[in-house]
Amino acid sequence: MASPPPPAAFYLTAGPGRYLPTAAAQSPWGPDTQHGGPPTALLAAAITDHVADPGLRLGRVSVDFLGPIPLAEGEVRVRTLRPGRRIRLVEAELRCADTPVVVARAWLLAVRPGGPATPPHAAAPPLPPPGAPEGLGAFMDAFGYGRAHEWRPTAPAGDGPLPPAVWARPRVPLVAGRPTSGVERLLTVADSANGVSLRLPPTEWLSVPPGLTVTVLREPAGEWVHLRARTHLSGDGTGLCEGELADADGLAATVSQPLLVAPRG
């Protein structure tokens, strides 16, 4: 049976600073909760709009999920914590029913074209052709966020010699009627690092990331984001997921997530 088509966007505008998530933001953990990727990108977009300075670019975004994120209308609030011409710290929060559910802090850095650069990082693997075996199949088709992306793995999942890796492309914009930037697409995908690199069967184990940190090297180009991730397990109920996000030219950002690892039930 064919999957239903995705909605028009991850979010619809519901008024000044207010957004209504669609089924495209739905998480795998429950039909009434959001995946962490879309809210992360939404808060980063709000921070960029608040700053409104093309000479400043997101350098790092740290996001905390304060609990399950309701699939419900929310309000975004933004404030500057540390003003500055070349370095600025801005905080944004998503509130549902007047309760904070996601908080993001972003360092913005001044950009100056023509500055020194290191040699390009190794390029990501070529994008597999359409119709290539996905390997993510039924799992991603089971919830809205998964269906709202196209996934093309470039390395197998599991405990093989290579970290799991995948090209991903959001099928819909972040906010209806608003262009989606390369960094916003990257942030929409970044919270999938834990899911792509799961080490334990999700039907038997919880692997819960209470947040994530994305450090941005540069604005990625194109619609596709390549994510290579690895999960490390400590043996005491915690873990660490780390990954690299790239475009066809190489590294664009890194992501890290702390994990709570526990048996279900």
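Laboratory data are not the source of any read-out in this text; all were calculated from the coordinates shown. The structure presented is a predicted model; accordingly, all values stated were derived computationally and were not measured. Virtual Cβ from ideal backbone geometry, glycine too; neighbours counted across all protein chains shown.
Quick notes
- Length gained when the stretch Leu20-Phe139 is fully extended (0.36 nm per residue, less Cα-Cα span): 40.4 nm
- Kirkwood radius for the stretch 1-147, taken over all pairs of different Cα atoms as the inverse mean of 1/r, rounds to 17.5 Å.
- Computed over the chain with a Gaussian network model linking Cα atoms closer than 10 Å, the most mobile of Arg79, Arg171, Arg57 is Arg79.
- Which label in (i) 29; (ii) 21; (iii) 17 gives the computed percent of Cα pairs over 31 Å apart: (ii)
- Dipole magnitude of the chain, debye to nearest 20 (Cβ charges: Lys/Arg +1, Asp/Glu -1, about Cα centre): 720 debye
- Cα centroid separation - the stretch 112-132 against the stretch 165-216, whole Å: 19 Å
- Projecting the Cα atoms of Ser181, Leu108, Gly36 onto the dipole axis of the chain, where Lys and Arg carry +1 and Asp and Glu carry -1 at the beta carbon, places Leu108 farthest toward the positive end.
- Residues whose amide H lies under 5 Å from that of His149, counting only those 5 or more places away or on a different chain, are Arg171; hydrogens are built 1.01 Å from N in the peptide plane.
- The phi torsions of the stretch 73-78, fed into the Karplus equation with coefficients 6.51, -1.76 and 1.60 and a -60° offset, translate into couplings of 4, x, 10, 9, 10, 10 Hz, rounded to whole numbers, with Gly and Pro shown as x.
- Each 10 Å bin from zero holds the following percent of Cα-Cα pairs in the stretch 187-265: 20, 48, 23, 9, 0.
- Here's how it looks for Gly211: its modeled amide H is under 5 Å from those of Phe65, which are all 5 or more places away or on a different chain.
- Going from the fewest other Cβ atoms within 10 Å to the most, the residues Phe139, Phe10, Phe65 appear in the order Phe139, Phe65, Phe10.
- With the simple model of a label 7 Å out from the Cα in the direction of the Cβ, Arg112 to Thr99 spans 4.8 nm.
- Amide proton proximity set for Leu206, modelled H, under 5 Å, gap of 5+: Ala262, Arg264
- As a proxy for reagent exposure, Thr99, Thr254, Thr13, Thr203 were ordered by neighbouring Cβ count within 10 angstrom, fewest first; the result is Thr203, Thr99, Thr13, Thr254.
- Remark: Leu58, Leu217 ranked as Leu217, Leu58, counting other beta-carbon atoms within 10 Å and listing the fewest first.
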